[in-house]
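Just below is one structure, and these are the notes that go with it.
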Amino acid sequence: MNTTVFPQAPAGQVMLSPAQALQFAQSAYSAGEFGRAEELCRLILAQRENADALHIVGTIAGRSGRAQEAADLFARVLILRPRSHLAHNNLGNALRDLGRPDDALASYERTLRLEPRFAPAHNNRGNVLRDLKRFAPALSAYDSALRFDPHNAETLNNRGLALHDLGRYEEALTSYERALQLRPDFAEAWNNSAAVLQEMRRMEEALACCDSALRLRPDYAEALNNRGLILRDLGRFADSLATLDEAVQLAPGHAEAWNNRGNTLRDLQRFEEALASYTHAVELNPAHAVAWCNQGLIQHGLRQLEAAAASYEHAIALDPEYSLAHVNHSLLCLMRADFARGWKEYEWRRQPGEEKAEPGTPWDGVAPIAGKTLLLTPEQGLGDMIQFSRYAKSIAERGARVVLRTPRALLALFETLEGVHQLLPEGSPPPPVDYRLPLLSLPLALGTDLSSIPAAPAYLRADAEKSRAWAQKLGPKTRLHVGLVWNGGFRADQPVLWSVNQRRNIELEQLALLKDVPAKFHSLQKGLPSEGDAARLAAAGWDGPAIIDHAAELHDFSDTAALIDNLDLVIAVDTSTAHLAGALGKPVWLLNRFDTCWRWMLEREDSPWYPSMKLYRQQVFNDWSHPVQRLHADLLAFTATR
């Protein structure tokens, strides 16, 4: 916050008018009677220019939000008193309020040339440097202010904000704590402490700080907004929404709170309401790029595709470096088979500097690689790794030696992958290489379009010995063997993914109608909370098919591949196991949510990525009845023909 300094009245003046009027004006101002103070000063100014009266009216105008009038009045003061460091400082405040940060900075610097030890101007200079996103110089300015006024709680709070901006969270927290030692009733410092504790993932402490701020100021909309964010991170979505509702009731113009409210409604899968909240956020603040992107995300999920594209493009126009908007836009392009634009936009997922530790030069797809060594690095989920590992063969066909780094869970499986010269477990040092590339950048480098996807019937194989062992375990085949995966797992540390997981998963109970299918069902389910669902339901006497649980015997993907090798069909939701079955060439039927992942595209029942895959899509959001009924009918026909 800015510090406004009001000059003392000239001493020794005894005239009743206008000096006495000025004295009364100063007393009224000090008592907080701003209307009376301004009235007296304007009486003086009606007779002649008076620097002190101009200064009082300028200060009141600034406090009242009349920033242009305040700037004009302080400019008039400076005609009379060009070396008034107070007027230069307060002119800077008015210029900052007018959105003229460079001019404000110049005013503060003139102040400090006149009075280098003037702490308020150092503080205000720090504020405008933060506005300009020059966080390190802002921190230096706050430190200068504290050299001359070490016990100023507001400056300590501002210093904490700059440290937060710089990602120096522990130091920011210390600065806020010092401010609160000086002013325990400093609600803003409590709220800012909450924000930095949230960044440090100390959520319960963050929530306590928000509550402290709100005890001091129950109508503090910004603290309510932060509290709503923290509750969302804690997975307390209903409480988050209630808090954010309170925030927007108190501050209907708070665009950020409307945006955050939309996020929580999205978590609660109340998508139409979320869309309305985002739309209101951008109406309040048309320059809010994040809200435009979020609006696009909801439109995307609701299949309002043209509107989604426009929202993403608007966000990018507002902030050309907004990587998430580019990535979301890329996924929309890929879903619509606009691969040329989609792969290019998808490169925005790569954060600057994230590959600095990797050896080799980034490969652009143009440089000749025959006889060269290319390191392919892992990213994203295990399903993505399986899907895009197919490109190793394409690189090898260009004469390159392919070194593939992979998560350990896939290491044994990828030993069957054609085109790989060397496999590296994640975390191990690579050999000397010429080039490097993240695995999911290969489609762009190789110019993949819909017609050139490397879609071999199978590009991975099960380990022969493990497959034979599973054949013995399953015994003589009297019925078809069908694998089931109904849940993609739960990531407790990633609440923002909970909603997606909830939409893609299906409750096992919804597959009960498969009980009349003459097949043996095998659970391929791994990971909590769904591992063991089949056994729990069986123990409770569920009215569905018997499902054999193999979780204890599936230690990595090579084990799962060997089991799948002995099955006739895999039925799965959108998980890594579905990718595995497709990569093995096994018939796989995918139960696909309404807001489909980009890779399954639109409307089609097949997949250009996996020739053996068939898609069963939700026709209504969050309603599995139609795809499950179709799947049931097809499964009866499938077993009858086999």
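Looking at V588, V573, which one is among the β-branched types (V, I, T), open to solvent by less than 10 Å² (accessible area, probe 1.4 Å), at pLDDT 95 or above and within 25 Å of N328 (Cα to Cα)? Spell out the reasoning first.
On the way: V588 fails: within 25 Å of N328 (Cα to Cα).
Sole residue among the options that is among the β-branched types (V, I, T), open to solvent by less than 10 Å² (accessible area, probe 1.4 Å), at pLDDT 95 or above and within 25 Å of N328 (Cα to Cα): V573.
Being surrounded by 22 or more Cβ atoms within 10 Å (Cβ to Cβ) and among the aliphatic types (A, V, I, L, M) is the filter; apply it to segment 265-278 and report the residue that is farthest from L302 (Cα to Cα).
My answer is L265.
Testing L234 on (1) over 15 Å from the mean Cα position of the chain (by Cα); (2) open to solvent by 40 Å² or more (accessible area, probe 1.4 Å); (3) free of Cβ contacts under 8 Å to residues at least 60 places away in the same chain, one condition comes back false. Which one is that?
Failed condition: (3).
Show the residue pairs meeting these rules: Cβ distance below 7 Å; 6+ apart or different chains; first residue within segment 156-175 and open to solvent by 70 Å² or more (accessible area, probe 1.4 Å); second residue of a type outside the set (F, W, Y).
Pairs found: E171/L163.
A quick yes/no check of all residues on (1) surrounded by fewer than 18 Cβ atoms within 10 Å (Cβ to Cβ); (2) touching a helix residue (DSSP H, G or I) at 6+ places or on another chain (Cβ under 8 Å); (3) farther than 30 Å from R617 by Cβ; (4) modelled with pLDDT under 95:
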position	(1), (2), (3), (4)
A291	no, yes, no, no
I298	no, yes, no, no
G301	no, yes, no, yes
A307	yes, yes, no, no
S311	no, yes, no, no
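So, of the residues in segment 481-499 that are more than 14 Å from D559 (Cβ to Cβ) and open to solvent by less than 20 Å² (accessible area, probe 1.4 Å), which turns out to be modelled with the lowest pLDDT?
Let us first name the residues in segment 481-499 that are more than 14 Å from D559 (Cβ to Cβ), namely 481-482, 484-499.
Applying the additional criterion that residues be open to solvent by less than 20 Å² (accessible area, probe 1.4 Å) yields 481-482, 484-486, 489, 495, 499.
Values: H481: 97, V482: 97, L484: 96, V485: 95, W486: 93, G489: 64, P495: 55, S499: 69.
Only one residue fits best here, namely P495.
Mind checking which residues of segment 303-343 are under 17 Å from L602 (Cα atoms) and among the hydrophobic types (A, V, I, L, M, F, W, C)?
L305, A307, A308, A309, L331, L332, C333, L334, M335, A337, F339
As an exercise: evaluate L423 against (1) in contact with a Ser or Thr (Cβ under 8 Å, 6 or more places away or on another chain); (2) open to solvent by less than 20 Å² (accessible area, probe 1.4 Å) and give the number of the one condition it does not meet.
Checking L423 against (1) in contact with a Ser or Thr (Cβ under 8 Å, 6 or more places away or on another chain); (2) open to solvent by less than 20 Å² (accessible area, probe 1.4 Å), the one that fails is (2).
Please enumerate the residues belonging to segment 39-50 that are surrounded by fewer than 20 Cβ atoms within 10 Å (Cβ to Cβ) and part of a helix (DSSP H, G or I).
Within segment 39-50, E39, R42, L43, L45 qualify.
Answer yes or no as to whether E397 is over 22 Å from T448 (Cα atoms) and open to solvent by 40 Å² or more (accessible area, probe 1.4 Å). Spell out the reasoning first.
Values: over 22 Å from T448 (Cα atoms): no; open to solvent by 40 Å² or more (accessible area, probe 1.4 Å): yes.
No.
Determine if segment 368-380 includes at least one residue that is under 25 Å from S323 (Cα atoms), touching a residue at least 24 places away in the same chain (Cβ under 8 Å) and open to solvent by 50 Å² or more (accessible area, probe 1.4 Å).
Among the residues of segment 368-380, at least one is under 25 Å from S323 (Cα atoms), touching a residue at least 24 places away in the same chain (Cβ under 8 Å) and open to solvent by 50 Å² or more (accessible area, probe 1.4 Å), which makes the answer yes.
For the condition modelled with pLDDT of 90 or more, in contact with a helix residue (DSSP H, G or I) (Cβ under 8 Å, 6 or more places away or on another chain), buried (at least 18 other Cβ atoms within 10 Å of the Cβ) and closer than 21 Å to M385 by Cα, what is the one hit in P454, P443?
Just one listed residue meets the conditions, P443.
Filter segment 312-329 for residues that are out of contact with any Cys (no Cβ under 8 Å at 6 or more places or on another chain) and not polar (S, T, N, Q) and give the result. I'd like the intermediate steps shown before the answer.
Our first condition is that a residue be out of contact with any Cys (no Cβ under 8 Å at 6 or more places or on another chain); within segment 312-329, this holds for 313-314, 316-321, 323, 326-327, 329.
Once the filter is applied, which keeps residues that are out of contact with any Cys (no Cβ under 8 Å at 6 or more places or on another chain) and not polar (S, T, N, Q), segment 312-329 yields E313, H314, I316, A317, L318, D319, P320, E321, H326, V327, H329.
Go through segment 246-264 and give me each residue that's open to solvent by 40 Å² or more (accessible area, probe 1.4 Å), assigned to a helix (DSSP H, G or I) and more than 18 Å from N294 (Cα to Cα). Don't jump to the end; show me each part of the working.
Taking segment 246-264 as the starting set, the residues that turn out to be open to solvent by 40 Å² or more (accessible area, probe 1.4 Å) are 246, 249-250, 252-253, 256, 258, 261.
In the following step, the residues that additionally are assigned to a helix (DSSP H, G or I) were identified as 246, 249-250, 256, 258, 261.
Residues satisfying the conditions are E246, Q249, L250.
Quick one: which residue in S193, S240, S212 is assigned to a helix (DSSP H, G or I), free of Cβ contacts under 8 Å to residues at least 60 places away in the same chain and surrounded by fewer than 24 Cβ atoms within 10 Å (Cβ to Cβ)? Working first, answer last.
Numbers: S193 fails: surrounded by fewer than 24 Cβ atoms within 10 Å (Cβ to Cβ); S240 fails: surrounded by fewer than 24 Cβ atoms within 10 Å (Cβ to Cβ).
That would be S212, the only listed residue that is assigned to a helix (DSSP H, G or I), free of Cβ contacts under 8 Å to residues at least 60 places away in the same chain and surrounded by fewer than 24 Cβ atoms within 10 Å (Cβ to Cβ).
Restricting the search to segment 381-420, which residues are farther than 18 Å from R599 by Cβ and of a type in the set (K, R)?
K393, R398, R401, R405, R408
For segment 60-90, what are the residues that are open to solvent by 20 Å² or more (accessible area, probe 1.4 Å) and among the hydrophobic types (A, V, I, L, M, F, W, C)?
Result: A75, L78, I79, L80, L86.
Please find, within segment 122-155, the residue that is surrounded by the fewest Cβ atoms within 10 Å (Cβ to Cβ) out of those that are farther than 18 Å from L95 by Cβ and either of a type in the set (D, E) or in contact with a Pro (Cβ under 8 Å, 6 or more places away or on another chain) (or both).
Only one residue fits best here, namely D143.
Which one of A357, A281, A340 is exposed (fewer than 15 other Cβ atoms within 10 Å of the Cβ), small (G, A, S) and farther than 29 Å from L450 by Cβ?
On the way: A281 fails: exposed (fewer than 15 other Cβ atoms within 10 Å of the Cβ); A340 fails: farther than 29 Å from L450 by Cβ.
After applying the criteria, what remains is A357.
Within segment 324-337, can you find the residues that are open to solvent by 40 Å² or more (accessible area, probe 1.4 Å) and in a helix (DSSP H, G or I)?
Passing the criteria: L324, L331.
From the residues in segment 591-610 that are more than 18 Å from M385 (Cα to Cα) and of a type outside the set (D, E), which one is most open to solvent (accessible area, probe 1.4 Å)?
We begin by selecting, within segment 591-610, every residue more than 18 Å from M385 (Cα to Cα); these are 591-596, 601-606.
Among the residues that remain, those that are also of a type outside the set (D, E) are: 591-594, 596, 601-602, 604.
Values: L591: 3, N592: 0, R593: 31, F594: 32, T596: 12, M601: 10, L602: 45, R604: 68 Å².
Of everything passing the filter in segment 591-610, R604 is most open to solvent (accessible area, probe 1.4 Å).
For segment 105-117, name all the residues that are open to solvent by 20 Å² or more (accessible area, probe 1.4 Å) and either of a type in the set (A, V, I, L, M) or in contact (Cβ under 8 Å) with a residue 40 or more places away in the chain (or both). Break it down into steps so the answer makes sense when it comes.
First pass over segment 105-117, keeping only residues open to solvent by 20 Å² or more (accessible area, probe 1.4 Å): 106, 109-110, 112-117.
If the condition is that a residue be open to solvent by 20 Å² or more (accessible area, probe 1.4 Å) and either of a type in the set (A, V, I, L, M) or in contact (Cβ under 8 Å) with a residue 40 or more places away in the chain (or both), then A106, L112, L114 are the ones that fit.
The values are calculated or read from the model by the stated rules, or taken from the named source; none is laboratory data. Since the structure is predicted, the reported quantities are computational estimates derived from the model, not experimental observations. All Cβ positions, glycine included, derive from the backbone under ideal geometry; neighbour counts span all protein chains shown. Calculation scope for accessible area: heavy atoms of the full protein, side chains included, ligands and nucleic acids excluded. Shrake-Rupley method; radii C 1.70, N 1.55, O 1.52, S 1.80 Å.
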